[in-house]
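What follows is calculated from the coordinates using simple rules that are stated; it is not laboratory data. Please read all numbers here as calculations on a predicted model, not as lab measurements. Backbone-built Cβ (ideal geometry, glycine too); neighbour counts: all protein chains shown.
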Amino acid sequence: MTNYEFLLTDSLEKVLPDRRPAAAYPGPVRLLRNQRWAFQLACTCRNDDFGETSTLFSLKCGGTAKKAAELFRVELVPCDYPCHGTWDENYLTTRPGLLPDLLRPAGWEEAFKAVPAQWRSLRFVLDAAKLEPGPFDLTLEVIGPEGEPLAAFALEGEVLDQALPPPTLLQTQWFHADCLADYYHLPVFSEEHWRVLDNFMASAAAHGVNMLLTPVFTPPLDTAKGGERTTVQLVDVALEQGEWRFGFDKLRRWVAMARRHGITEIEVAHLFTQWGAEFAPKVMVHTPRGPEKYFGWHTPAVGGEYTAFLRAFLPALKAELDGLVGLEHVWFHISDEPHDHEKETYAAAKATVADLLAGCHVIDALSSYDIYRQGIVEKPVVCCDQIQPFVDHGVNGLWTYYCEVQALAVPNRFMAMPSARCRVMGALLYQYDLEGFLHWGFNFYNAQRSVRPIDPFRVTDAGEAFPSGDAFLVYPAPDGTAWGSLRGEAHREALQDLRLLRLCEARAGRQRTLALLEEAAGVPGPLTFTRYPTDKAFFDRLWAGALALLEAPSR
C-alpha cells in the first residue's frame with residue numbers, strides 16, 4: 001500500500017529530496033495583466049512493498065485559468081561542486097549531491113511518479129497575459145493509479161487592468177554558439193545549427209536578454225592559453241592581393257534572427273584575448289592557399305599585422321552594423337576583466353582601436369576602481385561585491401555582474417543557494433539604479449578553459465571549477481530547444497520585480513519607491529549588495545505594498 005502526501009508551496013522553495021518543504025498555500029492572488037506567477041506541488045509517499053505497488057499519479061486541471069497554466073517537472077541534477085572552500089550561512093547545502101533545478105516541460109495527460117521517502121515537485125506557471133482582466137480560478141485534482149482521488153486544491157485570483165512597463169535594464173548573458181554546435185554535433189552554421197541557435201535566442205529573450213554576444217570572430221573567452229574553441233565566425237574574411245575583404249551574410253542572418261526575438265542590442269565579441277589583452281583572437285582567413293588560422297595565440301595584440309587588420313576591419317564592421325541596427329545599439333569589448341597587473345597591456349591594446357571606436361559603446365568587466373580612475377576602462381561592468389567604491393564616487397551609468405567569485409554575502413545563482421538569493425537581484429538593481437547586468441554563462445557547456453565539451457545534464461560545474469549553476473542557465477533539450485531551470489525562473493522573477501518598482505516610480509516617484517522597498521525589506525537603512533532581506537516573505541511584502549501604492553488615489 002502506498003500513502004501519499006501532497007502540499008502546495010511557493011515558487012522560490014527548492015524542494016530538496018531529503019527535507020520536508022515549507023507549505024505555502026496561496027491565498028487570493030492578484031496579478032498584473034502581463035505578470036508571470038508560479039507555485040509548486042510537492043509530493044512524497046511511503047511504500048513498504050519494495051516497488052511492487054505503483055506510486056504513479058495524474059492531475060486534472062480545471063477552472064478559467066487552465067488556459068494560462070504551464071506545467072513542468074522539477075528534476076534533480078548532479079551538484080558535485082556546490083560551493084568553494086569558503087562559504088557563508090546562506091546556502092541550502094555545502095555538500096555534493098542531487099539538487100532540484102531542471103524544468104522539464106510536462107503535459108496534463110502525463111503520469112507522474114511519487115518517490116518513496118523523497119520529496120519531489122511539479123511547477124505551475126500562470127501567464128496572466130493569456131487571461132482577461134477580472135477574477136479567475138484554478139483547480140487541481142490529484143488522481144491515484146486506480147483512479148482514486150488523492151488530493152484537491154483550489155486557487156482564486158484576479159487579473160488587474162494595470163500592466164508592468166517594458167524593461168529598461170540592458171542585459172546580456174553570454175551566448176555561446178560553439179557550445180550548441182558541439183553539444184548537438186552539428187556543423188557550424190549548418191541549417192540545423194541555425195535552427196538551434198534560433199531556439200536558444202528565443203529562450204535568452206524570454207529570460208530578459210536584450211543584448212546578444214555576437215561572434216564576429218570566435219570569442220576569446222574562457223580559453224586555455226594556446227588552446228582554442230570550435231570556430232564560430234560570422235564574418236567571412238579574405239586576403240586578396242594584400243587587401244582585406246569582408247563578407248557579412250551570416251552576420252546579417254544572426255542579427256535578423258535576434259531582432260525577431262526582440263533583442264535590440266548587438267554585443268561584439270572581445271577584440272583581444274582574456275586576462276590581459278596580450279594576443280589576437282582566433283581569426284580564420286580565406287587565402288590563396290585556402291582557409292588559415294591567420295591570427296590567434298601566436299599573434300601579438302599590439303604593433304603587428306593584427307593592428308593593421310583591425311584598422312581595416314572595424315570601419316567595415318561599424319558601417320555594416322550601423323545599417324543593420326544603428327551604432328547606438330552596438331556594444332564593443334576590448335578584453336574581459338583586466339586586473340591591476342594587466343592594466344598596461346589592456347591600455348596598449350585599447351589604444352590601437354581607440355580612435356576607431358570613438359563615440360561607440362565600449363564596456364568591459366572590471367573589479368578595480370583604481371583602473372577606472374585612471375581612465376583605462378571608461379564604462380565598467382563591476383562585479384557586485386566590488387561596486388560600492390564606484391557608487392560612492394558617483395560613477396554614472398553603472399553595470400554589474402556576478403560569477404563564480406561572488407560566493408560570499410552577495411546575491412548569486414548557484415544551485416546550492418536559496419532561490420531568494422537570486423531573485424533579490426531585481427530589488428538591488430533598482431536600489432542602485434543600474435543601467436545593465438551581465439553574466440558570462442547563458443549556455444557554457446564546456447569544462448573550464450574550454451578544454452573539452454561537457455554534458456550539462458551530468459556536469460553542472462564546468463568540471464569542478466565553478467559552483468554548480470554558474471556556467472549555464474538553460475539545458476539543451478533533445479529537440480534542440482532550451483529547457484529552463486529554477487535559477488532561470490528566479491532570475492525572471494527578479495526582472496519582474498525591477499519592472500514593478502519602475503512602475504511604482506512612474507506613479508509615485510523614486511524616493512517613495514525606495515521607501516516602499518525599505519519598508520518591505522525590514523532591514524535598517526537602504527539595501528546594499530551585502531545587506532538585503534534573505535527571507536522569501538520579502539517578495540510578498542514588496543508586491544503587496546506596491547499594489548497598494550498603485551491603487552491609492554492620486555494626490
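For this structure, a couple of remarks:
- Shape of the range 268-369 from the C-alpha gyration tensor: oblate (a/c of 1.5 or more and a/b not above b/c, with a ≥ b ≥ c the square roots of its eigenvalues).
- Cα point-scatterer Debye curve for the range 339-472, base-10 log of I(q)/I(0) at q = 0.10, 0.16 Å⁻¹: -0.40, -0.94
- Local net charge near His185, Cβ-Cβ under 13 Å (Lys/Arg +1, Asp/Glu -1): -4
- In percent, rounded to a whole number, the relative contact order of the range 1-75 is 39, using alpha-carbon pairs under 8 Å and six or more apart.
- Using only side-chain charges placed at the Cβ, +1 for Lys and Arg and -1 for Asp and Glu, the dipole size of the chain relative to its Cα centre rounds to 600 debye.
- Taking the centroid of alpha carbons for each part, the range 1-41 and the range 206-228 are 37 Å apart.
- Three-way shape label, the range 1-132, alpha-carbon gyration tensor, a/c 1.5: oblate
- Helix axis angle, 537-551 relative to the chain longest principal axis, alpha carbon, degrees: 90
- Part-to-part distance (alpha-carbon centres) for the range 187-205 and the range 77-98, which is given in Å: 32
- Within the chain, antiparallel bridges make up roughly 70 percent of the DSSP beta bridges whose residues both belong there.
- Here the sum of -39500 (n - 2.57) over DSSP H runs of 4 or more residues, divided by the residues of the chain, equals -7500 deg cm²/dmol at 222 nm, to the nearest 500.
- Cα centroid separation - the range 409-453 against the range 99-159, whole Å: 28
- Net charge contributed by nearby residues that have their C-beta within less than 12 Å of Trp108 (K/R +1, D/E -1): -1
- Contact order relative to length of the chain, as percent, for alpha carbon pairs under 8 angstrom and 6 or more apart: 15
- Computed magnitude of the charge dipole of the range 416-546 (debye, nearest 20; Cβ of K, R +1, Cβ of D, E -1): 160
- Nearest-ten-degree value, helix 486-508 long axis tilted from longest Cα axis of the chain: 90
- Long pairs among Lys282/Lys318; Lys250/Lys343; Lys293/Lys379; Lys293/Lys350, criterion Cα-Cα beyond 29 Å: Lys250/Lys343; Lys293/Lys379
- For the range 388-489, applying the loop criterion from DSSP together with a ceiling of 15 other beta carbons within 10 Å to the chymotrypsin sites (Phe, Trp or Tyr not before Pro) yields Phe457.
- When the charge dipole of the range 182-272 is built from unit charges on Cβ atoms (+1 for Lys and Arg, -1 for Asp and Glu) and taken about the Cα centre, the candidate among His193, Val235, Ala256 whose Cα reaches farthest toward its positive end is Ala256.
- Rounded to whole Hz, the Karplus (6.51, -1.76, 1.60) HN-Hα couplings of the range 207-221, x for glycine and proline: 8, x, 6, 10, 10, 10, 4, 10, x, 4, 10, 4, x, x, 10
- Trypsin sites (Lys or Arg not before Pro) lying in DSSP loop within the range 263-356, provided at most 16 other Cβ fall within 10 Å: Arg289
- Extension gain for the segment Asp455 to Glu378, taken as residue separation times 0.36 nm less the Cα-Cα distance, is 23.9 nm to one decimal.
- Shape of the range 295-354, Cα gyration tensor, a/c cut at 1.5: oblate
- Separation of the Lys225 and Val523 label points, Cα + 7 Å toward Cβ, nm: 3.9
- Across the range 221-319, C-alpha contacts under 8 Å between residues 6 or more apart give a mean separation that, scaled by the residue count, equals a relative contact order of 24 percent.
- Relative packing of peptides 497-510, 208-221, 231-244 - highest average C-beta neighbours within 10 Å first: 208-221, 497-510, 231-244
- A cut-off under 14 angstrom between Cβ atoms defines the neighbours of Glu158, and their net charge, with Lys, Arg +1 and Asp, Glu -1, is -3.
- Residues within the reach of a label modelled at Arg289 (point 7 angstrom out along Cα to beta-carbon, backbone nitrogen below 19 Å), restricted to the range 215-248, are 237-245.
- Spin-label pair Arg46-Glu109: with each label point 7 Å from Cα along the Cα-Cβ axis, the two points sit 3.6 nm from one another.
- Distance between modelled label sites at Asn396 and Glu243, nm, 7 Å Cα→Cβ extension: 4.4
- Among the chymotrypsin sites (Phe, Trp or Tyr not before Pro) found in the range 1-57, those both in a DSSP coil and sparsely packed, with 10 or fewer other Cβ atoms within 10 Å of their Cβ, are Phe50.
- Folded to 0 to 90 degrees: helix 343-353 orientation relative to the chain principal axis, Cα: 70
- Fully extending the segment from Asp479 to Glu191, taken as 0.36 nm per residue of separation minus the present Cα-Cα distance, adds 102.2 nm.
- Among Gly441, Met425, Phe457 - extreme Cα towards positive end, dipole of the range 396-465, charges at beta-carbon: Phe457
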